[in-house]
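Only the coordinates and a few stated rules stand behind these numbers; no lab work does. Keep in mind that this is a model prediction, so the values were computed, not measured. Every residue, glycine as well, gets a Cβ built from its backbone with ideal geometry; the counts of neighbours run over all protein chains shown.
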Amino acid sequence: MTDVMPRIVRLAGIVDESVVDGPGVRLVVFAQGCPHRCPGCHNPHTWDFDGGAGVGINQILLRAEANPILSGVTLSGGEPFAQAPGFARLAQEARLRGLSVVTYTGYTWEQLVDSPAPGVHDLLLATDILIDGPFVQALADPGLAYRGSRNQRMIRVQDHVAATPAHSLNSRFSPSSCLMCVASCVTSSVPR
């Protein structure tokens, strides 16, 4: 788990049941604040880091536990990695409850693996499927599963972690080993 254990994350909102933000029925948590500001973004109200409201991580988990049909939790935004320690804790706790975690980010896998920012690697390791890359309006494709533009990738993070025994929730990523392996963990189809 992360060294700093935040109890609150700043959110733009929560959708209790979604079937378009990852496999199965998902609780979608929208982070407030985004540095990317992608042209054509469908959530521009999430960009302002001072917007939204602070919500207790335990409140979010109780909301997820109250819905027996959920398959998992999706972290969207805004940018979840802008609040990586808090979202890492949320993702870790969700997985302990048997829920899968899908995380959307405007950063690329490579940028995240190389990041020294607190909580980034913890959030990666607590994510089952990462949708990476900024939304690019010129590459928009409404036929893509769970993605808005063709540059975005679905990375099965846990497949990668399982294939690389040196990774654990208490270790740091090795950028070179991750970059060599990530190609085999990228999918363009509906995730398992």
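Between Val15 and Gln59, the contour length at 0.36 nm per residue exceeds the alpha carbon distance by 14.5 nm. Counting neighbouring beta carbons within 10 Å and listing from fewest to most, the residues Phe30, Phe87 come out as Phe30, Phe87.
In segment 93-164 the Cα-Cα distances spread across 10 Å bins starting at 0 as 19, 48, 28, 5 percent of all pairs. Counting every alpha-carbon pair across segment 1-140, the share separated by more than 28 Å comes to 9%.
The order of Leu96, Leu11, going from fewest to most other C-beta atoms within 10 Å of their C-beta, is Leu96, Leu11. Cβ-Cβ distance of Val136 and Phe49, R₀ of 35 Å, FRET efficiency by 1/(1 + (r/R0)^6): the value works out to about 0.95.
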